[in-house]
Amino acid sequence: MKQVVLITSLLLLSITALGQTYSNANLNGTYSVQFGSPQNYSWFKTFKCPTNSLVTYTVNGSQTGMNADSGVATFDGIGGLSVTLTSSGNENQTASANTTSVTWNSSCQVVNLNNGHVVYQAVTTKTQTGTYSIQSNGTGTMSETGSSQSQTLLLAATSNGISTTVLISNAQVNGKSLGTGIAVHQ
């Protein structure tokens, strides 16, 4: 039900924008940003039998989760941006693999295994600069300096010439799932 309400709200915001011409100037000021991307975490570790090192068993574990970023973006109205984001939900693959275990019997047969669990990296915060470009229909792109990915922007609500709500998404790149987010003018 929440998804239906969200989609309906976004469609109504987009409909009210029909007939308006947009530019970089409509994206100006400081915005609170939240962005999330579904992740498939996976890890593995190979164990050797303690009595015969030629016998091995590889444990594979996986879990679906979410990478989340939140922070502040400042758009200058002419195509430049600065963003500070705190990121959580990034997997520490080595630590995740180290949560696995195997129990062997005296004949080097696996009698019990533990697939382990995901271990996350410490939360990180980064500040970057970048550029953005808004088309006359209210869609646009932004990218951080040094990043190979760009995000798609949709200016969804405008008040006094400034967009108050911006929908953000990134395309699927190298098999990475689609991420979505929102920026709200402060």
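A few points about this structure:
- The slack in the chain from residue 82 to residue 46, taken as 0.36 nm per residue of separation less the alpha-carbon distance, amounts to 8.6 nm.
- The residue 123 and residue 21 beta-carbon pair, evaluated with R₀ = 30 Å, returns a calculated FRET efficiency of approximately 0.15.
- Sulfur and carbon atoms: percent of accessible area, the chain [1.4 Å]: 53 percent
- Between residue 54 and residue 90, the C-beta separation translates, for a Förster distance of 30 Å, into a calculated FRET efficiency of about 0.25.
- Residue of 137, 60, 160 that the Gaussian network model of the chain assigns the largest fluctuation, springs spanning Cα pairs under 10 Å: 160
- Between 168, 78, 134, the GNM of the chain built on Cα springs shorter than 10 angstrom shows 78 fluctuating the most.
- Helix 2-16 vs. the chain, principal-axis angle (Cα, 0 to 90°, nearest 10): 30 degrees
- Adding -39500 (n - 2.57) for every DSSP H run of four residues or longer, then dividing by how many residues the chain holds, sets the calculated 222 nm ellipticity at -3000 deg cm²/dmol.
- The calculated FRET efficiency for the pair residue 111 and residue 62, based on their C-beta separation and a Förster distance of 22 Å, comes to about 0.45.
The values are calculated or read from the model by the stated rules, or taken from the named source; none is laboratory data. All values derive from a computational prediction rather than experimental measurement. Here the Cβ is made from the backbone with ideal geometry for all residues, glycine too, and neighbour counts use every protein chain on show. These accessible areas exclude ligands, DNA and RNA; they are computed on the full protein's heavy atoms, side chains included. Shrake-Rupley method; radii C 1.70, N 1.55, O 1.52, S 1.80 Å.
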